[in-house]
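Heads up: the structure comes next, in structure tokens.
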Amino acid sequence: MKILYTVNTRMPTEMAHGLQIMKMCEAFIKNGAELELIIPLRFKISNLGDPFEYYKIDKKFKIKKIFCFDLTPLNRFLGPVSFLIQALSFSFFSSIYLLFRKKDLIYSRDRFCLFFIGFFKKNIIFEIHKIHRYLDISIAKKVKKIIVVTRGLKKDLIKNNIKENKILVASDGIDLDDFKIKESEQECRKKLNLPLDKKLVLYTGHLYSWKGVETLALASKYVNGLVVIVGGIKWYLTNFKKFVKKNKLDVLVLGYKDYSLIPFYLKSSDCLVLCGTKRSTVSKKYTSPMKMFEYMASKKPIVASDLESFKEVLNNKNSILVESDNEKALADGINKVLGDRNLAQKLSSQAYLDVQKYTWDDRAKQILDFVI
């Protein structure tokens, strides 16, 4: 099975996106596929380096960089227009590249590319993480198979007259080996310069509004411990810090950290929080956050918003589920875990048992079995 995998991303700067892509490429290779990853040639804006080295993945597949009109230096002046020009130009030039490559499958999350190439190729697998209704539905009707990350996505595609037998639900995943560290909780805290004498309530990841992290920040007023936020880039991090300062909240905001440090941050905590908001369709129905599986693999108790998307994996046996967008309910859930060591151990043990079936290798095998 020879696969052309095309995505519009700046790796490894776009950490979560890049991680999923690189881990899936590695997993496809392990399951017997041959693969070439196609990404845009863009300005280097960080020192994160080679994605193979950054994500600790063997160089068993080729990365092809395609020219595009990258206007990154003009982002502050052009705003969203800059991204649109970059995305459309990459999709156009990568489509031309794909036209002259003979492979068994074209696998992509790039809707613009698939819109162009769909007029000429039929061996297309479309992975969807959220629905842009008219464009995505049009593409979905043409492609061979569709991969989605939640049952909510599948239901909405079926409502739009996409055949059910074309759609596979395959949640995001985890490399369990990344989270097998020998250091103790206290050793992790010393390594990261975190307080040794406080209960730590941790969130890792992006700070987009639909992630609902403001609710956790507000909950800090009622939590019997220190809320720590790891993650956030550029504008989102700046705005979040302003929110914390404006509301006079006792929250430790650490910003972006190298992915290799995330297992240590998770193990240093007493409780991990997965936020969300029912006001966003993406959050409520479409997201399958990698942090959820990372939390489960860390053997620490999880408190999460009771959203449909999260409850496809989490339940009352492996987490504490609380009403979303309610800081008092979130704080109560956190305090329940912090105050009951036996409950915390029971929840974290069940979560670790449950996450074993969500590896990248299992996901790749499931997808390959479905599309062949």
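For residue 320, which sequence-distant residues (separation of 5 or more, or a different chain) have an amide H within less than 5 Å of its own amide H, given hydrogens modelled in the peptide plane?
Residues meeting the amide H criterion: 302, 303, 304.
If I model a spin label as a point 7 Å beyond the Cα along the Cα-Cβ vector, how far apart are those points for residue 222 and residue 78 in nm?
A separation of 4.6 nm, rounded to one decimal place.
Output the pairs from 65/102; 62/365; 166/365; 59/285 with a Cα-Cα distance over 27 Å in this structure; if there are none, say none.
On the way: 65/102 18 Å; 62/365 20 Å; 166/365 17 Å; 59/285 35 Å.
Too far apart for the 27 Å limit: 59/285.
Once you've got the GNM for the chain with C-alpha springs shorter than 10 Å, pick whichever of 301, 73, 289 has the biggest mean-square fluctuation.
Between 301, 73, 289, it is 73 that shows the largest mean-square fluctuation.
Straight-line reach from residue 357: which aspartates and glutamates fall under 15 Å, measuring Cα to Cα and dropping same-chain residues less than 8 apart?
172, 175, 177, 294, 312
Please list, ordered by chain and number, the residues whose modelled amide H lies under 5 Å from the amide H of residue 69; skip anything fewer than 5 residues away on the same chain.
For residue 69, whose amide H was placed from the backbone, the distant partners under 5 Å are 89, 90.
How far, in degrees from 0 to 90, does helix 327-338 lean away from the longest principal axis of the Cα atoms of the chain, to the nearest 10?
Rounded to the nearest ten degrees, it is 70.
Go through segment 147-187 and name the trypsin sites (Lys or Arg not before Pro) that are in a DSSP coil and have 10 or fewer other Cβ atoms within 10 Å of their Cβ.
When the trypsin sites (Lys or Arg not before Pro) of segment 147-187 are filtered for loop state and at most 10 Cβ neighbours within 10 Å, 180, 182 remain.
Give the angle, between 0 and 90 degrees and rounded to the nearest 10, that separates the Cα long axis of helix 133-142 from the longest principal axis of the Cα atoms of the chain.
50
Under the rule of at least 5 residues apart or a separate chain, name every residue whose amide H is placed under 5 Å from the amide H of residue 107.
It is 4, 5, 6, 125, by chain and number.
Run the quick spin-label model on residue 208 and residue 67: label points 7 Å from Cα toward the beta carbon, then report their separation in nm to one decimal.
3.1
Any aspartates and glutamates with Cα under 15 Å of the residue 103 Cα? List them, leaving off those in the same chain fewer than 8 positions away.
Reachable aspartates and glutamates: 34, 36.
List the relative contact order of segment 176-357 as a percent without decimals, with contacts defined as Cα pairs under 8 Å and 6+ residues apart. Write down the numbers at each step before the final one.
Details: 328 pairs, mean separation 43.4, N = 182.
Relative contact order here is 24 percent.
State, to one decimal in nm, how far the label point of residue 102 lies from the label point of residue 120, with both points 7 Å from Cα in the Cβ direction.
1.6
Can you give the net charge of the other residues whose Cβ lies under 12 Å from the Cβ of residue 315, counting K and R as +1 and D and E as -1? Write down the numbers at each step before the final one.
Values: positive: 311, 317; negative: 306, 312, 354.
That works out to -1.
Normalized C-alpha radius of gyration of segment 299-372, against 2.2 N^0.38 Å? Can you show the working numbers first?
Values: Rg = 15.1 Å, N = 74, 2.2 N^0.38 = 11.3 Å.
Normalised by 2.2 N^0.38 Å, the Cα Rg of segment 299-372 equals 1.34.
Among the listed pairs 191/234; 130/159; 130/284, which are separated by more than 23 Å between their Cα atoms? Intermediate results must be reported in sequence, preceding the final value.
Values: 191/234 25 Å; 130/159 15 Å; 130/284 11 Å.
From 191/234; 130/159; 130/284, over 23 Å: 191/234.
Gain in length, residue 43 to residue 161, computed as 0.36 nm per residue apart minus the alpha-carbon separation, to one decimal in nm? Intermediate values should be presented prior to the final figure.
Values: separation 118, 0.36 × 118 = 42.48 nm, distance 4.03 nm.
Length difference between fully extended and current span is 38.5 nm.
Multiplying the sequence separation of residue 323 and residue 141 by 0.36 nm and subtracting their Cα-Cα distance, what value in nm do you get? Please list the in-between numbers first.
Numbers: separation 182, 0.36 × 182 = 65.52 nm, distance 3.63 nm.
Once the chain is fully extended between residue 323 and residue 141, it gains 61.9 nm.
With only alpha-carbon atoms in the gyration tensor, what are the semi-axes of the equivalent ellipsoid for segment 176-357, in Å, largest first?
Working: eigenvalues 90, 78, 53 Å².
Each semi-axis is √(5λ); the values are 21, 20, 16 Å.
Given the alpha-carbon gyration tensor of segment 40-168, what are the semi-axes of its equivalent ellipsoid in whole angstrom, ordered largest first, with each equal to the square root of 5 times an eigenvalue?
Working: eigenvalues 149, 71, 53 Å².
Value: 27, 19, 16 Å, ordered largest first.
Any idea what angle helix 80-99 forms with the longest principal axis of the chain, computed on alpha-carbon atoms, 0 to 90 degrees, nearest 10?
For helix 80-99, the angle is close to 50 degrees.
Any chance you could run the full-extension gain for residue 30 through residue 343? It's 0.36 nm times the residue separation minus the Cα-Cα distance, nm to one decimal.
108.9 nm
Each reported figure results from applying straightforward, stated rules to the coordinates on display, with no laboratory input. Worth saying up front: this structure is predicted, and the values here are computed from it rather than measured. Reconstructed Cβ throughout: ideal geometry from the backbone, glycine too, with neighbour counts over all protein chains shown.
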